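Single-structure report; data block below.
The values are calculated or read from the model by the stated rules, or taken from the named source; none is laboratory data. As the structure is a computational prediction, the values presented were derived from the model and not from experiment. Here Cβ is always computed from backbone atoms with ideal geometry, including for glycine, and neighbour counts include all displayed protein chains. These area figures cover heavy atoms from the full protein model, side chains too; ligands, DNA and RNA do not enter into them. Shrake-Rupley method; radii C 1.70, N 1.55, O 1.52, S 1.80 Å.
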Amino acid sequence: MTALLGVEALTKTFRGLVAVNQISLTVAPGEVCSVIGPNGAGKTTLFNLITGVLRPSSGRIVLAGRDMAGVPSWRFAECGIGRTFQNLALFKHGTVVENILVGCHTHLKSGILEGAVFFGRTRREEIAARAWVEDIIDFLEIEDIRDKVVGTLSYGQQKRVELGRALASRPKLLLLDEMVSGMNQEETEDIARFILDIRDDFGIAVLMIEHNMRIVMDISDRVHVLDFGQKIAEGTPAEISRDTAVARAYFGAAGLEARPAEVAHVGP
Amino acid sequence: MQYLVDQIVSGIAVGAIYGLIAMGLALIYKSTGLANFAQGEMAMLIAYIAWTLAGLMPGHPWLVVGGALVASVVLGLAIERLIMRPMLGEPVFATVMVTIALAVILRAGAMLIWDPYPHALDIGIGRGVVMLGATGLREAQLAAILTLMAALAGFWAFFRYSRIGKAMRAVAADSRAAQLMGISAARIHAIAWTASAVIAGLAGIFFALLYDVSPNLYHVGLKSFPATILGGLDSVLGSGFGGVLIGVAENLAGGYLASSIKEIAGFIVIIAVLMIRPFGLFGERDIERV
Amino acid sequence: MHFRTLMAALLVMASTAAMAQQQGVTDKEILLGEVEPLTGPPALLGIAYNVGTKIAIAEANKAGGVNGRMLKLIVEDDGYVSARTLQALRKLIEVDKIFALTSLSGSGASVAALPVVEKAGLPTMASIAPISQLFQPPRKNVFAVGQTYEEGMYQLTRYLAMKFPDKKWGILTQDDDYGATLKGGFGMTARESKLNVVYQADYKKGQQDFSSEMLKVRSSGAEIFLAGGVIAETVGMVRELEKLNAKPVTAMFWPGRVSATLKLMGPAGDGIYAVDYVEAEDSAAYKAFLEKAKTLVGEAEIKAINRYTIASYVSTRVLIEAMRRCGKALTWECTIAEIEKTENFKTGLMGPVNFGKGVRFSSQAVRIMRADFATLSYKPVE
Amino acid sequence: MRSGHFKESIPGLIMLSDSVPVWVWSGLLLVALALAPYAMNAYALSFLILILITGTGALGLHVLTGCTGLISLGHVGFLLLGAYAYAVPVAKFGLPPLLGFFFAGAVPALAGLVVGLPSLRLKGLYLAITTLAFAFIISHLIIEMSWLTDGTRGITVPRPRLLGLDFDSDARFANLCLLVAVLTLFAVLNLGRSRVGRALIAVRDNDIAARAMGINLEAYKLKAFLTSAFVTGIAGALFGIYLSFVSIEGFPFLMSIEALAILIVGGLGSALGTVLGTVFIVLLPEASRIAFGLLGSQAERLFSLGAHEIRSVLYGVVIILFLRFEPRGLLGLWHDVRRLWVNWPLRY
């Protein structure tokens, strides 16, 4: 099976500080993968590298067989990568619909002049895009807030809008950065269901950073564990929950013995 | 050679005035995050007040200067309390527009209270010529240079050692965190506006002594923008140096290229510098977090 | 609604109204208007000019008005911004419905306003800055009293060239049309008398510091220096030369020939040459004018009086006299014809004013003067 | 009567407005504006023309500052360039006015690209002051290149004749300005609901997220400068024709500030707000003149020489009050009034 995303020996240093160190991982088409690790393990830096926001110091990123070195960061979306951000990054003065429409950007073609005239191709294009956005709104069950300005929405709602915006670009791979942090149980379960539906209905592979172990263990096909910028483990959720290196990274050697109950909780 | 020295020295002299006003600009930017477009107008207003005082108290130069500085303290406090503080929390763009409106008001107000004619500010001192080697400087030019040096040293020490100076840096770095630490942002803003009005006032007085008191004295504020951009909007000391650099650049352009290019020399310099250092020579780069 | 019919009806109404009586004229009143800079730096000239118009009008009203009609003036400020000049003119002509214009703002703005004034056709005096575009080619209804900058500069430099032969010359002018005309006048003399020009430059309008320019003047060895600023700029140049201890023969131009300039220059201004077509302050005619003015306008106005007041006073007097000669049936047509007939009109404050068929500019002889710091005035040279 | 917002098709969703009354009223307003010049006096007409030209220019700035969030203090530079790019070919070389209008848009647009380059590296006030520098440099270049621009003497510009139609009367010219202003407004509104417009807003609100959505920040900032300069340049040409005389002095620096004031007072980021702001700011001096007149001749005489300054002060005070008490601008005020009208006597 050829991997959708291949990360090979990726390294990123900031003024001598090694944030990501020789990390390799793959995501197969139709797979839900998670990246976990304590705070400061380099997870978000890894995401920023994969989405082109940061340039790797060394190593390679291959997306669907294409080496991404030298591809400008704004082209990553065209190449099939969509993402959400750890701290919300919506266009807060726009409505929900407008935000999701921005996600369609790479699939539309009209330029300034065509946009200003709004006739013919542009109009057809916009109608099609709007129909697609309405589908996404239906899918995410946010019909009732579609014309609200996103700045006025609750945190959970904004997260969904961000998910919708990422979906609108029809990505092959979706990167979700701490999607459910700060959500209650019910909202978390909704998101988990959406992620599985995204994979099954749209055929999109998902790579997510998550602190919520329950959702990681419940829906991941595979889990990558990072600590101090290095990958310390990889495997199915069941394998990870048994891995002593992982437990040590989370709780320290002493904690491993002192708090067996919590380790058990990590299990599936 | 003497020609070059003369050009540079008189450039430094006029640059010192730009530098003083630019320091005021940077001080306000550093502590409140907005550019005060009325800085030149503040200088103009204080110069007019000094001129009025000089008419009331002939023969008492120090009383005139002292009175004008008291007036600038009042001006700074009044602007901060009445106009800027209610705008706290509004978008930067809006507050900047408020300072522009303030500039319009001060400009017209000065013409209303006084008149559109140029006047000589004559307080008995400042106009004499001092010889430094073969280069002649007016007393007020020398005073402007010395004041700039004193202000540079003073602000350096202030930010480094004084409690308020450190607090100001804290407010600049993160106003919310500073507030949580018990620092009153409003008080810091009031201090910044007052200090800025005082140095603008001094610059205005020097300028009026050297040239004249007239409604277009505020033009000097326009010159201090390149100065503060060159030095870095958030760098008070850098802005002071920036003023001197702009003054010298202007004079060299006027002395060796064409006189007509002199007035825009400062702007050409900053465009060149900003292309290489987008945050000025001494400014700090914003660090973005994703 | 038939739009065209409506328009036609309106037009007919408008034209019949015009026939009955010219706009701005009632049985008791004649409405005059003027546009000039009353704010911003050029206000120094505009306000003084405005006072001159006020004095001329007050004088006429005191003597019973023009054929029994009182004169009333509406003043508009344009801040020396062309767009505002245009708007002010449209207001005066269309809303206030004035009878005649006593001023048409400064040079650039007045050129921009010409098409509007010419189209309206009302009698217009444009004497604040009589540049050649105002009367070349002549417009039927636009008159100017005074002298062009070119001619003034030509006369000034010719005088200096004869008095100080074989000297090195320097000239610094403003980078606008005012400066360009000064340069033009100087160029004529320079070619004619083959002057040795060692320094010539433009400064940017609004410039305040002239240190680099004056250093250049000094190092160029110029012995005669023409300071082509307005007021603050000329003062700046002269004081900078004083600081540098450079003492060329210095000359300036009439916008700067006001006592305020001398006061600002201090002793350094003593002996500076100037040129003007308006009488100097110590002449009998000027003093008499000042005495008369004190009985006609307030103290604030008296303080604002300078040479522009005289220019305006004379120009407005010409207009008033023409209206008087028209008698009771006051129209634009008649007033314009009467201004044209103005011949040898004397006020003592300038040379006699003359217009004629197709002549729209009353060229005034200029005089060379020298500044006297002790009395803050200018005295004609022999 | 309509009740609520129910739309039955996707095209209905993306229309500028699906409300019949809005279209009817806009149409009537347009007809009124087209005919009014023939019934107005020249003074009132000059305000109408100024509103139309200023509105076009302000919409140009709106694209850059309102939509894309790039502050420009040097927009008067684009106005100047537009005016000269029209005046030089048409008045000096006798080229057809239509070509002149093309230059009036194209030349500033090219300059916009040049000025836009620093915007790729500079932010906020640094950029604002760079644009300020640009405006000074442009006017310097115009003076220096006197072989082409006649330097400080200025160029007299005749009223144009376009496609066989004469625009020599003010009323006709007002029609031309109306046409340009309405086309500009439509273009800007359309841009706002299309891909490019959304991308500009995305760049303004969150540039990192915008990039993640596949938006090329550099290209779009340059596009914003290009579009903005193009529209502003056309407004500059119209302004030059209105003045009938193009010179540096006809375009004072204050115009840049006025344009920003229009955006702020109208409501930043909204094209309709820009229109409201234009009307307000252009009429403000006249309104204060009338207000001052109401105080009676006594007050007028008291300030015989200071009336103009009092008006300036008033102007500044109104702007400050607006920013202080209605930061959403006139558009926000309008929404409040409308809500009050619909809901009264209930509060909401």
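Condition first: surrounded by fewer than 17 Cβ atoms within 10 Å (Cβ to Cβ) and under 26 Å from B:His60 (Cβ atoms). Now tell me which residues in the range B:115-138 satisfy that.
Matches in the range B:115-138: B:Gly124, B:Ile125, B:Gly128, B:Val129, B:Val130.
Let's see how each residue does on (1) within 14 Å of chain C (Cβ to nearest Cβ); (2) assigned to a helix (DSSP H, G or I); (3) more than 27 Å from B:Trp114 (Cβ to Cβ):
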position: B:Ala186; (1), (2), (3): no, yes, yes
position: B:Ala208; (1), (2), (3): yes, yes, no
position: B:Asn216; (1), (2), (3): yes, yes, no
position: B:Phe282; (1), (2), (3): no, no, yes
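Considering only residues that are under 26 Å from the mean Cα position of the chain (by Cα), closer than 20 Å to B:Phe267 by Cβ and of a type in the set (A, V, I, L, M), which ones fall in the range D:140-159?
Listed by number, the residues that qualify are D:Leu141, D:Ile142, D:Ile143.
Run down A:Thr106, A:Thr84, A:Thr122 and say which single residue is within 24 Å of A:Phe139 (Cβ to Cβ), within 7 Å of chain D (Cβ to nearest Cβ) and out of contact with any Pro (no Cβ under 7 Å at 6 or more places or on another chain).
It is A:Thr106.
When the range B:76-114 is examined, which residues are found to be more than 8 Å from chain D (Cβ to nearest Cβ) and either open to solvent by 30 Å² or more (accessible area, probe 1.4 Å) or without any contact (Cβ under 8 Å) to a residue 12 or more places away in the chain (or both)?
B:Leu77, B:Ala78, B:Arg81, B:Leu82, B:Arg85, B:Leu88, B:Gly89, B:Ile113, B:Trp114
What number of residues in the range D:296-324 are at pLDDT below 85 and either more than 30 Å from B:Met84 (Cα to Cα) or surrounded by fewer than 16 Cβ atoms within 10 Å (Cβ to Cβ) (or both)?
The total comes to 11.
Yes/no matrix, rows are residues, columns are (1) open to solvent by less than 60 Å² (accessible area, probe 1.4 Å); (2) assigned to a helix (DSSP H, G or I); (3) over 18 Å from C:Thr102 (Cα atoms):
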{"residue": "C:Ala274", "(1), (2), (3)": "yes, no, yes"}
{"residue": "C:Glu291", "(1), (2), (3)": "no, yes, yes"}
{"residue": "C:Thr309", "(1), (2), (3)": "yes, yes, no"}
{"residue": "C:Thr316", "(1), (2), (3)": "yes, yes, no"}
{"residue": "C:Glu321", "(1), (2), (3)": "yes, yes, no"}
{"residue": "C:Ile336", "(1), (2), (3)": "yes, yes, no"}
{"residue": "C:Glu343", "(1), (2), (3)": "no, no, yes"}
{"residue": "C:Gly348", "(1), (2), (3)": "yes, no, yes"}
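Considering only the range C:108-128, state which residues are closer than 19 Å to C:Ala83 by Cβ, open to solvent by less than 10 Å² (accessible area, probe 1.4 Å) and either outside the structural domain of C:Leu319 (by TED's automatic domain parsing) or under 14 Å from the mean Cα position of the chain (by Cα) (or both).
The initial filter retains those residues of the range C:108-128 that are closer than 19 Å to C:Ala83 by Cβ, namely C:108-120, C:126, C:128.
Among the residues that remain, those that are also open to solvent by less than 10 Å² (accessible area, probe 1.4 Å) are: C:108-110, C:112-114, C:117, C:126.
Correct list: C:Gly108, C:Ala109, C:Ser110, C:Ala126.
Please go through (1) under 13 Å from C:Val297 (Cα atoms); (2) open to solvent by less than 20 Å² (accessible area, probe 1.4 Å); (3) not hydrophobic (A, V, I, L, M, F, W, C) for C:Glu36 and return the number of the only condition it doesn't satisfy.
For C:Glu36, the failing item is (1).
Name the residue, out of A:Val225, A:Val180, that is at pLDDT 90 or above and crowded, with 16+ Cβ neighbours inside 10 Å. Don't jump to the end; show me each part of the working.
Working: A:Val180 fails: at pLDDT 90 or above.
Of the residues listed, the single one that is at pLDDT 90 or above and crowded, with 16+ Cβ neighbours inside 10 Å is A:Val225.
Check the range D:70-81 and report whether any residue there is part of a helix (DSSP H, G or I), over 30 Å from D:Arg204 (Cβ atoms) and touching a residue at least 12 places away in the same chain (Cβ under 8 Å).
If we filter the range D:70-81 for residues that are part of a helix (DSSP H, G or I), which is where we start, we get D:75-81.
Retained after the next criterion (residues that are over 30 Å from D:Arg204 (Cβ atoms)): none.
No, the range D:70-81 contains no residue that is part of a helix (DSSP H, G or I), over 30 Å from D:Arg204 (Cβ atoms) and touching a residue at least 12 places away in the same chain (Cβ under 8 Å).
How many of the residues in the range D:265-288 are in contact (Cβ under 8 Å) with a residue 24 or more places away in the chain and within 20 Å of D:Arg311 (Cβ to Cβ)?
Step one: of the range D:265-288, the residues in contact (Cβ under 8 Å) with a residue 24 or more places away in the chain are D:265-286, D:288.
Filter again for within 20 Å of D:Arg311 (Cβ to Cβ), leaving D:265, D:277-286, D:288.
Count: 12.
Any chance you could count how many residues in the range C:185-232 are within 7 Å of chain B (Cβ to nearest Cβ), part of a helix (DSSP H, G or I) and open to solvent by less than 20 Å² (accessible area, probe 1.4 Å)?
Qualifying residue count, the range C:185-232: 4.
So B:Ile270 clears everything in (1) more than 30 Å from B:Gly67 (Cβ to Cβ); (2) open to solvent by 10 Å² or more (accessible area, probe 1.4 Å) except one condition, right? Which one?
(2)
Would you say C:Ala180 is among the small types (Gly, Ala, Ser) and under 29 Å from B:Leu132 (Cα atoms)? Please lay out each step first, then the result.
Values: among the small types (Gly, Ala, Ser): yes; under 29 Å from B:Leu132 (Cα atoms): no.
Considered against the rule, which asks whether it is among the small types (Gly, Ala, Ser) and under 29 Å from B:Leu132 (Cα atoms), C:Ala180 comes out as no.
Please specify each residue of the range B:50-64 satisfying the condition of being in contact (Cβ under 8 Å) with a residue 24 or more places away in the chain and either under 20 Å from B:Pro215 (Cα atoms) or crowded, with 24+ Cβ neighbours inside 10 Å (or both).
Scanning the range B:50-64 gives B:Ala50, B:Trp51, B:Thr52, B:Ala54, B:Val64.
May I ask you to list the residues in the range C:244-259 that are assigned to a helix (DSSP H, G or I) and surrounded by 21 or more Cβ atoms within 10 Å (Cβ to Cβ)? Break it down stepwise before answering.
First pass over the range C:244-259, keeping only residues assigned to a helix (DSSP H, G or I): C:254-256, C:259.
Hits for the range C:244-259 are C:Trp254, C:Pro255, C:Gly256.
Name the residue, out of B:Leu222, B:Leu230, B:Leu237, that is open to solvent by 10 Å² or more (accessible area, probe 1.4 Å) and more than 11 Å from chain C (Cβ to nearest Cβ).
Details: B:Leu222 fails: more than 11 Å from chain C (Cβ to nearest Cβ); B:Leu230 fails: open to solvent by 10 Å² or more (accessible area, probe 1.4 Å).
One residue alone meets the criteria, B:Leu237.
Would you check if C:Arg324 is outside the structural domain of C:Val249 (by TED's automatic domain parsing), touching a strand residue (DSSP E or B) at 6+ places or on another chain (Cβ under 7 Å), within 30 Å of C:Phe225 (Cβ to Cβ) and in contact (Cβ under 8 Å) with a residue 40 or more places away in the chain? So that I can check it myself, show each step before the final result.
Working: outside the structural domain of C:Val249 (by TED's automatic domain parsing): yes; touching a strand residue (DSSP E or B) at 6+ places or on another chain (Cβ under 7 Å): yes; within 30 Å of C:Phe225 (Cβ to Cβ): no; in contact (Cβ under 8 Å) with a residue 40 or more places away in the chain: yes.
Answer is no for this residue.
Checking the condition more than 9 Å from chain B (Cβ to nearest Cβ), within 24 Å of the chain's Cα centre (by Cα) and buried (at least 21 other Cβ atoms within 10 Å of the Cβ), which residue from D:Ala128, D:Ala104 passes? Spell out how you get there, then give the answer.
Values: D:Ala128 fails: more than 9 Å from chain B (Cβ to nearest Cβ).
Selected residue: D:Ala104, the only one of D:Ala128, D:Ala104 that is more than 9 Å from chain B (Cβ to nearest Cβ), within 24 Å of the chain's Cα centre (by Cα) and buried (at least 21 other Cβ atoms within 10 Å of the Cβ).
If C:Arg84 satisfies every condition in (1) in a helix (DSSP H, G or I); (2) over 26 Å from D:His140 (Cα atoms); (3) within 13 Å of chain D (Cβ to nearest Cβ); (4) open to solvent by 30 Å² or more (accessible area, probe 1.4 Å) but one, which is the exception?
(2)
For the range C:87-100, enumerate the residues that are in a helix (DSSP H, G or I) and open to solvent by 40 Å² or more (accessible area, probe 1.4 Å).
Step one: list which residues in the range C:87-100 are in a helix (DSSP H, G or I), which gives C:87-95.
Across the range C:87-100, the qualifying residues are C:Glu94, C:Val95.
Quick one: count up the residues across the range B:227-261 that are touching a residue at least 24 places away in the same chain (Cβ under 8 Å), under 21 Å from C:Met237 (Cα atoms) and not in a helix (DSSP H, G or I).
0
Among residues belonging to the range D:22-55 that are away from every other protein chain (no Cβ under 14 Å) and open to solvent by less than 40 Å² (accessible area, probe 1.4 Å), point out the one that is modelled with the highest pLDDT. Please lay out each step first, then the result.
Initial filter on the range D:22-55 (away from every other protein chain (no Cβ under 14 Å)): D:22-30, D:33, D:55.
If we keep only those that are open to solvent by less than 40 Å² (accessible area, probe 1.4 Å) too, we end up with D:27, D:55.
Numbers: D:Gly27: 91, D:Gly55: 96.
Result: D:Gly55.
Any idea how many residues of the range A:150-172 are closer than 19 Å to D:Leu13 by Cα and exposed (fewer than 15 other Cβ atoms within 10 Å of the Cβ)?
Residues that pass the stated criteria total 0.
Quick one: D:Leu165 ticks every box in (1) surrounded by fewer than 20 Cβ atoms within 10 Å (Cβ to Cβ); (2) out of contact with any Pro (no Cβ under 7 Å at 6 or more places or on another chain); (3) within 8 Å of another protein chain (Cβ to nearest Cβ) bar one, so which box is it?
It is condition (3) that D:Leu165 fails.
Here are A:Gly111, A:Gly103: which of them is under 26 Å from D:Gly66 (Cα atoms), surrounded by fewer than 19 Cβ atoms within 10 Å (Cβ to Cβ) and small (Gly, Ala, Ser)? First the steps, then the outcome.
Numbers: A:Gly103 fails: surrounded by fewer than 19 Cβ atoms within 10 Å (Cβ to Cβ).
Answer to the check: A:Gly111.
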